[in-house]
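Input: a single structure, listed below in structure tokens.
Derivation of every value follows stated rules applied to the coordinates shown; laboratory data play no part. Bear in mind the structure is a predicted one, so any value in this text is a computation, not a measurement. Virtual Cβ from ideal backbone geometry, glycine too; neighbours counted across all protein chains shown.
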Amino acid sequence: MANHPAPHAGLIEDYALLSDLRTAALVGKDGSVDWLCLPRFDAPSCFARLLGGDGHWQIAPTRPVVEVRRSYRNTSLVLDTEMRTEQGVVRITDCMPKHRDRQHEAPCLVRTVEGVSGEVEVRFRWVVRFAYGHSVPWVRRNTDPDDPAIIAVAGPHTVVLRGDLQPTRVQHERAHEAVFTVRPGQRLCWVMQWAHAHGPLPRGLDGVTAVDETERFWRGWSRRIGYEGPHAEIVHRSLATLKALIYEPSGGMVAAPTTSLPESLGGSRNWDYRYCWLRDATLTLLALESFGCSSEALAWRDWLLRAVAGDPADVQIMYGVEGERHLVEWELHWLPGYRESRPVRVGNAAFCQLQLDVYGEVMDALHLARERGVPERPESWAMQRGMLRHLERVWQQPDRGLWEVRGPDRHFTHSRVMVWVAFDRAVRAVEQYGLPGPVDRWRELRELVHTEVLTKGWNDELGAFTQYYGGRELDAATLLIPAVGFLSGDDERVVGTLTAVEAELKDGDVVRRYTTHTEQSHVDGISGLEGSFLACSFWYVNALALAGRRAEAEAMFGRLVSMANDVGLFSEEYDAESGRFVGNFPQAFSHLALLNCAAVLYGGVQRHARNRANGRRGRERHA
């Protein structure tokens, strides 16, 4: 049989997400699944074409495709892709069924192809490469004549393929491939399952039934979402995306299901985001709870408490999906990376950085949980008091900041603002909920930090808050000052910062997080440029709204949500020059920021009104 390799990875925005709440797959418009890690988000991949490997699973017409139309079924994560050729139309349906019970813990991917019109010749190509493309498996047929499965094995890795049509083995490629014709009403189905290396093969599934069950699950889940306001479709899709990125056994949410998708094509700003960041805690709780996803919010709160339990001095900025602490970073030298963007990294060395803002994020998230009626646990408050005692000792140290810079430690303004948040939420816990603690000392520290930020984080010449004390660089993170209640949105210093960010960091409707010109790379210790950070763009919308410029905020929000790809997904960043997505995909932080905007503009405004009032009181004290 001739060699017909699939094309290289598509554009980042060409991918759609599948998830079983354990792991995720990315499938492109060309019908190729180019990324899948088994059995969980941070496991080694078996398909890595996304990063330049050749592992993939493609089902597509052999003749040129003149049109592709795809969509998720209703509010589910069942994906339908219709491909039209001059000979006819076929529909490919993809999903990852949710685990039914503990006896059914073999993650699987279900793919069907169905004839819609005409007679279309289709090529099926299944190429498994374990260990991020490094390990070529031994592929064989099952010896059981009643179960003609195809089994791929290499060391601890095993996957099983069952289906209506058994592909022919292509010896020289170690792949499985077949070509067949699909006619109207004809449907073929395949199920690929992960298997424990030393256990029995997983039971076979009826693929068609699994698709129906998956759609019913997601439709039932989405009925809990309490939002029918403006841009409801993208709000629902963003919530479903967050749900898809939750590792259900623990409740932790990964920042993205991918690693090393570059922040600029050909650049080296390539990081592994398949972990859980504490920084996402407040936004996650706000997004989930504000829109009716209370059980997910509670699970995230409980994950957070387990992850940070122990010595407060050992609190990390990020953890594995089960709370793992050691996320050692290393490079996959055998992979060329997405569009030749090296290096490809696994693990994330930032896990051992000091980032003082996370203490404020954790305290804010747990305070928000109290406000939303989540019962406080005695051990939870004891843990928070321990964190505050540690913060009292270390808050004056320089750190690596929100953006996890790999340059020198600095006194980042945003970090100090979040230190203020930590002490402020502690004071509120005592005043509003009667929890025990040294409230006088916390009030004193809150006042001290507030005064310091207004004195050292402000630059009179620029008329704005700067990225770090004594610097001149701007940072979009300072747009969060009114959102956390440090100052009110209409405070002249907040307005000045908004104006300065607009002039220097805003490109059209997208906002860069800070300047990354080569001559300023000493700030983050990394050379090269990056795209505009989509979360920062939504923060800018929030800042507009809190400054009283609501009409501008709503208009910009509408333009930003229209930048989602055809199935409603966002990456981490956007390259304004090329009009393309860059960075890991889909990115939870982008969708969280979008949902926070929707809460500010169209719902959940009570929390932000309270923060504005609190900020105004701060302004009056320090005017």
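Structure data summary
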quantity: C-alpha long axis of helix 439-456 to longest principal axis of the chain, angle in °; calculated: 80 degrees
quantity: Cα-based reach from Lys506 at 21 Å (exclusive), listing lysines while leaving out same-chain residues under 8 positions away; calculated: none
quantity: Peptide ranges 217-223, 468-474 listed from the most packed, as the mean C-beta count within 10 angstrom indicates; calculated: 468-474, 217-223
quantity: Relative packing of 424-432, 13-21, which averages over residues the other C-beta atoms within 10 Å, highest first; calculated: 13-21, 424-432
quantity: About the Cα centre, charge dipole magnitude for region 12-199 (Lys/Arg +1, Asp/Glu -1 at Cβ), debye; calculated: 160 debye
quantity: Among Ala25, Val139, Thr81 the positive-end extreme of the charge dipole of region 12-199 (Cβ point charges); calculated: Val139
quantity: Ordering of 577-587, 292-302, 155-165 by burial proxy (mean other Cβ atoms within 10 Å per residue, highest first); calculated: 577-587, 292-302, 155-165
quantity: Tilt relative to the chain, helix 207-222 - C-alpha long axis, 0 to 90 degrees, to 10; calculated: 20 degrees
quantity: Packing-based exposure ordering (other Cβ within 10 Å, fewest first) of Trp57, Trp458; calculated: Trp458, Trp57
quantity: Contact order relative to length of the chain, as percent, for alpha carbon pairs under 8 angstrom and 6 or more apart; calculated: 12 percent
quantity: Order of Ile92, Ile59, Ile151 under a 10 Å beta carbon neighbour criterion, fewest first; calculated: Ile151, Ile92, Ile59
quantity: Simple label model, 7 Å out from Cα along Cβ direction - Gln186 to Glu329, nm; calculated: 5.2 nm
quantity: Candidate lysines - alpha carbon under 19 Å from Lys243, same-chain residues fewer than 8 apart omitted; calculated: Lys98
quantity: Nearest-20 debye value, the chain charge dipole, Cβ charges on Lys, Arg, Asp, Glu; calculated: 920 debye
quantity: Charge-dipole axis of the chain as Lys and Arg at +1 and Asp and Glu at -1 on Cβ define it, positive-most pick from His196, Gln396, Ala464; calculated: His196
quantity: Nitroxide proxy distance, nm - points 7 Å out along Cα→Cβ at Met563 and Glu447; calculated: 4.3 nm
quantity: Charge-dipole axis of region 221-622 as Lys and Arg at +1 and Asp and Glu at -1 on Cβ define it, positive-most pick from Tyr433, Ala232, Val501; calculated: Tyr433
quantity: Computed [θ] at 222 nm, helices only, for the chain once each DSSP H run of length n ≥ 4 contributes -39500 (n - 2.57); calculated: -10500 deg cm²/dmol
quantity: Helix 492-505 vs. the chain, principal-axis angle (Cα, 0 to 90°, nearest 10); calculated: 40 degrees
quantity: Rounded to the nearest 20 debye, dipole of region 364-434 from Cβ charges on Lys, Arg, Asp, Glu; calculated: 100 debye
quantity: Whichever aspartates and glutamates have a C-alpha closer than 18 Å to that of Lys29, once near sequence neighbours (fewer than 8 apart) are set aside; calculated: Glu13, Asp14, Asp54, Glu67, Asp80, Glu82, Glu86, Asp94, Glu114, Glu121, Asp566
quantity: Residue order, fewest to most surrounding Cβ atoms within 10 angstrom, among Val362, Val346; calculated: Val346, Val362
